[in-house]
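The values are calculated or read from the model by the stated rules, or taken from the named source; none is laboratory data. All figures in this text were calculated on a predicted structure; none of them were measured in a lab. Cβ placement follows ideal geometry from the backbone for every residue including glycine, while neighbour counts extend to all protein chains displayed.
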Amino acid sequence: MRLVLSAEAEWYDLVPGIRVQALPLLSFRHEEAMQTLIDTGLVNTRVTDGAEAGLTVSETAFGLAWAKAVAQQVIVGWEGVEDPDGAAAASVTPENISAFLDHPLIYQKFGEVYMARFMLLGAEKNVSAPSPSSNSEEGAIIANTAVEFVRTARGS
């Protein structure tokens with residue numbers, strides 16, 4: 001893992017001739033992205049028995065919508081992107097970012113190049129600490145308290 005200690009935007013090459021300038025993940029606001037999905041109706045916000053209800057669309061549609069919500073927060077520039085008239089450097093707006101990620105290859109590469117960091121950081125947070133009641137390196141050794149002479153089922 002490469003530590004990002006700067007809040008400066010970096011360039012990410014997606015495909016030959018197209019790259020995006022994006023802020024590091026530390027600038028990403030999860031709540032804002034979720035609100036975007038709620039506003040578009042992709043997430044059902046009803047609460048039943050204290051738990052949120054599930055998605056209202058397929059996982060693929062949710063993945064694209066989530067990538068768009070993230071991209072709209074972090075992408076601050078790009079190269080190799082044209083407007084519908086063919087003029088270079090279309091402005092970076094939420095609508096243009098959405099249209100940009102509607103291209104399947106761009107969506108895939110944005111996921112591989114940029115979002116993969118997000119997933120790796122999330123996975124690293126899910127690692128459990130050593131159990132204090134086990135034989136892990138930091139936990140107390142409990143195996144020594146086992147009974148020394150235990151009869152097996154065959155020996156009974």
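The table that follows gives values for the structure above.
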| item | result |
| --- | --- |
| Test for residue 87: is it modelled with pLDDT of 70 or more and aliphatic (A, V, I, L, M) | yes |
| Count - residues of the range 57-79 that are in contact (Cβ under 8 Å) with a residue 60 or more places away in the chain and surrounded by fewer than 15 Cβ atoms within 10 Å (Cβ to Cβ) | 3 |
| Filter pass, residue 77 being modelled with pLDDT of 90 or more, within 21 Å of the chain's Cα centre (by Cα), not in a loop (DSSP other than H, G, I, E, B) and not aromatic (Phe, Trp, Tyr) | yes |
